[in-house]
Amino acid sequence: MLAGKRLLLIIGGGIAAYKALELIRLVRSAGGCVTPVLTRAAQQFVTPMAAAALAEQRAYTDLFDLKDEAEMGHIRLSREADLLLVCPATADLLAKMAAGLADDLASTLLLATDKHVMVAPAMNVRMWEHPATQANVATLSARGVHVIAPEVGAMACGEHGPGRLPEPAQLLSAIQARLAPQGPLAGRHALVTAGPTHEPIDPVRYLANRSSGRQGFAIADALASRGARVTLVAGPVALATPAGVRRVDVETAREMEAAVMAALPADLAVLVAAVADWRVDPAPAKRKKGEGAPTLALVENPDILARLAAPGPHRPARVVGFAAETHDVLTHAQAKLAGKGCDMIVANDVSGDVMGGARNTVHLVTADGVESLPEASKEEVAAMLADRFARWFARP
Ligand code: C5P
């Protein structure tokens, strides 16, 4: 499935480096070529010889390996690849990438490339959660680097939490989704929003809603498995990133709007997020109990859906909105379809336990009428929706 595709695999110095060797084997079995590059620290965990033997080609370690006229220069090495993957991406490598440092072969290749870059971070949970690492990841993500989120679990250091490298098979799926998308949405970029937004009241409190993000994440997953390149802009939720999906985490409606606009152009936009309609003019310091009941001044948030669906060069070919209603579901959905200018409104009745629940009943409202889907799990609803979206893009 990866025949003729070239992966430049930068192996960082962490205990998870051994999984990178298995990944080389999997990419080779799928028909792809791998050029391994090991940082100096990586060589403490795995040897260039093991990487070269599995890749069936030379492994690079040193910038000065490339000074030889007969060798490829670092520019060529990074440009000849179809994709760069940093795996495992250590806190140090992420920091270097964010800062644009180029003091060894790995960082120089990453700075010199014009190709898509993916990083698979793996490190101790405290290093992962450190604000410096999180800021570096956010910077890289905003630059278009695809961050494969680490998994939660037991770690080699004995701690538990996010920071584990996903299994090589999952990493292969992410590579395949990028290099050899298959399915009816192959070659299409789909943008999905999911989850709630948090609107700060003061530095410790916020306004939020009960959205779990589950329906939106399931839709992102279903679109990716139909071949789409998916960008998922997620509010604060506790969900794993679907395989092959590029995730951008945001907190507020305004951050969500900025992330959505930065992800354009897209062929399809499915805005599932329960965006807070209002934000609070936040207090600079924590509101104190003794100061009397505060009055919260609310300011209207931008309507991301209406902005995206407005005619213009950046409008995705199809824009889908969701409508969570507790009564007169279809009447409101029809009004929203026209009011927001989108191609479809997926209406759901949230008077029960849909928000945060596992099942959903939706009605698809378009200019042609209403189609009601049977009650099903959110994953099944996502699959039915993705099949309908795929029909919009069916090639003759
Ligand atoms: O207007 P209402 O909030 O009911 O519309 C719901 C739809 O609009 C959802 O698709 C939601 O993601 C989107 N929306 C938005 N920006 C807002 C409010 C809602 O994109 N500020």
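The values are calculated or read from the model by the stated rules, or taken from the named source; none is laboratory data. Quantities reported herein were computed from a predicted structural model and do not represent experimental measurements. Because the Cβ atoms are built from the backbone with ideal geometry, glycine has one as well, and the counts that use them run over all protein chains shown. Ligands, DNA and RNA are stripped out before the accessible areas are found, and what is left, the full protein with its side chains, is counted by its heavy atoms. Shrake-Rupley method; radii C 1.70, N 1.55, O 1.52, S 1.80 Å.
If we only count strands (runs of 3 or more DSSP E) wholly inside the stretch 88-183, which ones have 1 or more residues that are over 26 Å from Q44 (Cα atoms)?
Of the strands (runs of 3 or more DSSP E) lying wholly inside the stretch 88-183, those with at least 1 residues that are over 26 Å from Q44 (Cα atoms) span 116-121.
Please verify whether the stretch 369-381 includes one or more residues that are in the same structural domain as V275 (by TED's automatic domain parsing), of a type in the set (G, A, S) and closer than 25 Å to E257 by Cα.
Scanning the stretch 369-381, I find no residue that is in the same structural domain as V275 (by TED's automatic domain parsing), of a type in the set (G, A, S) and closer than 25 Å to E257 by Cα, so the answer is no.
Quick check on A386: is it buried (at least 20 other Cβ atoms within 10 Å of the Cβ) and away from the ligand (no atom under 14 Å from the Cβ)?
It is true that A386 is buried (at least 20 other Cβ atoms within 10 Å of the Cβ) and away from the ligand (no atom under 14 Å from the Cβ).
For the stretch 252-283, how many residues are acidic (D, E) and surrounded by fewer than 18 Cβ atoms within 10 Å (Cβ to Cβ)?
Qualifying residue count, the stretch 252-283: 3.
Among the residues that make up the stretch 188-198, is at least one of them more than 15 Å from the ligand (Cβ to nearest atom), under 15 Å from the mean Cα position of the chain (by Cα) and not in a loop (DSSP other than H, G, I, E, B)?
Among the residues of the stretch 188-198, at least one is more than 15 Å from the ligand (Cβ to nearest atom), under 15 Å from the mean Cα position of the chain (by Cα) and not in a loop (DSSP other than H, G, I, E, B), which makes the answer yes.
Find all pairs meeting these conditions: Cβ atoms under 7 angstrom apart; at least six residues apart or on different chains; first residue within the stretch 238-264 and in a helix (DSSP H, G or I); second residue within 16 Å of the ligand (Cβ to nearest atom) and small (G, A, S).
Matching pairs, first to second residue: A253/A276; M256/G235; M256/A273.
Pick out the one residue from R28, R58 that is at pLDDT 95 or above and open to solvent by 10 Å² or more (accessible area, probe 1.4 Å).
Every option except R28 fails the conditions.
In this structure, does E300 turn out to be more than 16 Å from the ligand (Cβ to nearest atom), open to solvent by 70 Å² or more (accessible area, probe 1.4 Å) and either over 19 Å from A208 (Cα atoms) or at pLDDT 85 or above (or both)?
So E300 does not fit the description; no.
Which pairs turn up if I take residues in the stretch 315-344 that are over 20 Å from A263 (Cα atoms) and within 10 Å of the ligand (Cβ to nearest atom) and look for partners that are part of a strand (DSSP E or B) and charged (D, E, K, R) with beta carbon separation below 6 Å, at least 6 apart in sequence or on another chain?
Listed by first residue and then by second, the contacts come to H332/E325.
Give me the residue from the stretch 125-138 that is farther than 14 Å from K96 by Cα and touching a strand residue (DSSP E or B) at 6+ places or on another chain (Cβ under 6 Å) and, out of that set, modelled with the lowest pLDDT.
Looking at residues that are farther than 14 Å from K96 by Cα and touching a strand residue (DSSP E or B) at 6+ places or on another chain (Cβ under 6 Å), I get V125.
Mind checking which residues of the stretch 203-237 are part of a helix (DSSP H, G or I) and in contact with a Lys or Arg (Cβ under 6 Å, 6 or more places away or on another chain)?
Selection gives R214, Q215, A218.
Run L207 past the list (1) open to solvent by 50 Å² or more (accessible area, probe 1.4 Å); (2) touching a Phe, Trp or Tyr at 6+ places or on another chain (Cβ under 8 Å); (3) under 30 Å from C33 (Cβ atoms) and report the number of the one that doesn't hold.
Evaluating L207 over (1) open to solvent by 50 Å² or more (accessible area, probe 1.4 Å); (2) touching a Phe, Trp or Tyr at 6+ places or on another chain (Cβ under 8 Å); (3) under 30 Å from C33 (Cβ atoms) leaves (3) as the failure.
Quick one: would you say G312 is away from the ligand (no atom under 12 Å from the Cβ), open to solvent by 30 Å² or more (accessible area, probe 1.4 Å) and in a helix (DSSP H, G or I)?
So G312 fails the test.
Kindly indicate the residue of the stretch 267-288 that is in a loop (DSSP other than H, G, I, E, B), modelled with pLDDT under 95 and among the aliphatic types (A, V, I, L, M) and also farthest from the ligand (Cβ to nearest atom) among those meeting that condition.
If we take residues in the stretch 267-288 being in a loop (DSSP other than H, G, I, E, B), modelled with pLDDT under 95 and among the aliphatic types (A, V, I, L, M), then A285 is farthest from the ligand (Cβ to nearest atom).
Per-residue answers, yes or no, for (1) surrounded by 16 or more Cβ atoms within 10 Å (Cβ to Cβ); (2) within 18 Å of A309 (Cα to Cα):
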{"residue": "S351", "(1), (2)": "no, no"}
{"residue": "T361", "(1), (2)": "yes, no"}
{"residue": "V370", "(1), (2)": "no, no"}
{"residue": "L373", "(1), (2)": "yes, no"}
{"residue": "A382", "(1), (2)": "yes, no"}
{"residue": "F393", "(1), (2)": "yes, yes"}
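Given the conditions (1) without any contact (Cβ under 8 Å) to a residue 12 or more places away in the chain; (2) in a loop (DSSP other than H, G, I, E, B), and given that A81 satisfies all but one, which numbered condition is not satisfied?
If we test A81 against (1) without any contact (Cβ under 8 Å) to a residue 12 or more places away in the chain; (2) in a loop (DSSP other than H, G, I, E, B), just (1) comes out false.
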